[in-house]
Amino acid sequence: MLDVGETLVDETRVFRTWAQIFGLPEFTLMAVLGGSISNGEKADDWRRFFDLINHPDWQDSRPDFEERYGSLRPDDLYPDALRAIDGLKRRGYRVAVTANQPARRHAELEALGVEVEAMGMSDAMGVFKPEMAFFDRTLELLGSPAPGDVAYVGDRVDNDVVPAAAARMRAVWIRRGPWGLLHEDRDGVADLVVRSLDELLERIDEAWPRR
Ligand SMILES: [Mg+2]
């Protein structure tokens, strides 16, 4: 089961778009984001980030953001996204995509060639990471397999690794993107740590304990 942001999709354009809306240099906005991610518990809370760049009223700009960002584009996908999905399927894995995303990403990802058995976007499901209900619902999308037979692959320790492990799934941490590089798995709950989806394809079998 694959996350979207910073797992399949490079979110550079998300933050470039916010920089344009606020008239900030991209360097400033992205550096402040990095600072807020690494600045302790819950520090990547959106309110704090937008407070720091002096735009606590950012929600008012959401329609402008949606218009400028538009749909996902082919080069928003990480270069290994489609080949990893393909490779996992060829190796006999069932593949699903579930994430905290607007409902329309489902069709947008399909339009980019993401062909998987099930897709669940939080806005459509009405449940969000890191709630347990999100992980329960995503298992239902695959016909409720035993959680221990399912790996959840995501870039964030707080939203992906810790709750997936709590849901008794195999937690795979992909260390890319700002959250993936700045977070720390202090309690060592990840079953497997990789740096790319190419590496995931090579090492996915290690996510399961030796039988
Ligand atoms: Mg993510």
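Short-range pairs are left out: with C-alpha atoms under 8 Å and at least six residues apart, the relative contact order of the stretch 53-211 is 16 percent.
Can you give the % of DSSP beta bridges in the chain that are antiparallel, to the nearest 5?
On the way: 1 of 15 bridges.
In the chain, approximately 5 percent of DSSP beta bridges are antiparallel ones.
Could you give me D for the stretch 119-211, from Stokes-Einstein at 20 °C and 1.002 mPa s, where the hydrodynamic radius is the Kirkwood radius over C-alpha pairs? Units µm² s⁻¹, please. The Stokes-Einstein estimate is 159 µm²/s. Once divided by 2.2 N^0.38 Å, the Cα radius of gyration of the stretch 1-91 becomes 1.27. Distances between placed amide hydrogens fall under 5 Å for G120 paired with V97, T98, A99, all partners being 5 or more residues away or on another chain. Given the options E115, E67, E184, state which has the largest fluctuation in a GNM of the chain using a 10 Å cut-off (strictly under) for Cα springs. Of E115, E67, E184, the Gaussian network model singles out E67 as fluctuating most.
Heavy-atom accessible surface of the chain, averaged per residue, reaches 50 Å², computed with a 1.4 Å probe.
Remark: spin-label model distance S38-E131 equals 3.3 nm, labels positioned 7 Å along the Cα→Cβ axis.
Regarding the chain, what is the average projected area of its C-alpha convex hull, in nm²?
On the way: hull surface 45.5 nm².
Averaged projected area of the chain's Cα convex hull equals 11.4 nm².
To the nearest ten degrees, helix 132-141 and the longest principal axis of the Cα atoms of the chain are 60 degrees apart.
Can you give me the relative contact order of the stretch 71-119 as a percent, contacts being Cα pairs under 8 Å and 6 or more apart?
Details: 31 pairs, mean separation 24.8, N = 49.
Relative contact order, the stretch 71-119: 51 percent.
Using the Cβ-Cβ distance between A118 and R13 with R0 set to 35 Å, the FRET efficiency from 1/(1 + (r/R0)^6) comes to roughly 0.85. When the chain is treated as a Gaussian network with alpha carbon springs shorter than 10 Å, the biggest mean-square fluctuation among L33, L72, L24 belongs to L24.
The values are calculated or read from the model by the stated rules, or taken from the named source; none is laboratory data. Quick caveat: nothing in here was measured; it's all calculated off a predicted structure. Counting neighbours? That spans all protein chains shown, and the Cβs are built from the backbone with ideal geometry, glycine included. Ligands, DNA and RNA are excluded from the accessible area calculation, which covers all protein heavy atoms including side chains. Shrake-Rupley method; radii C 1.70, N 1.55, O 1.52, S 1.80 Å.
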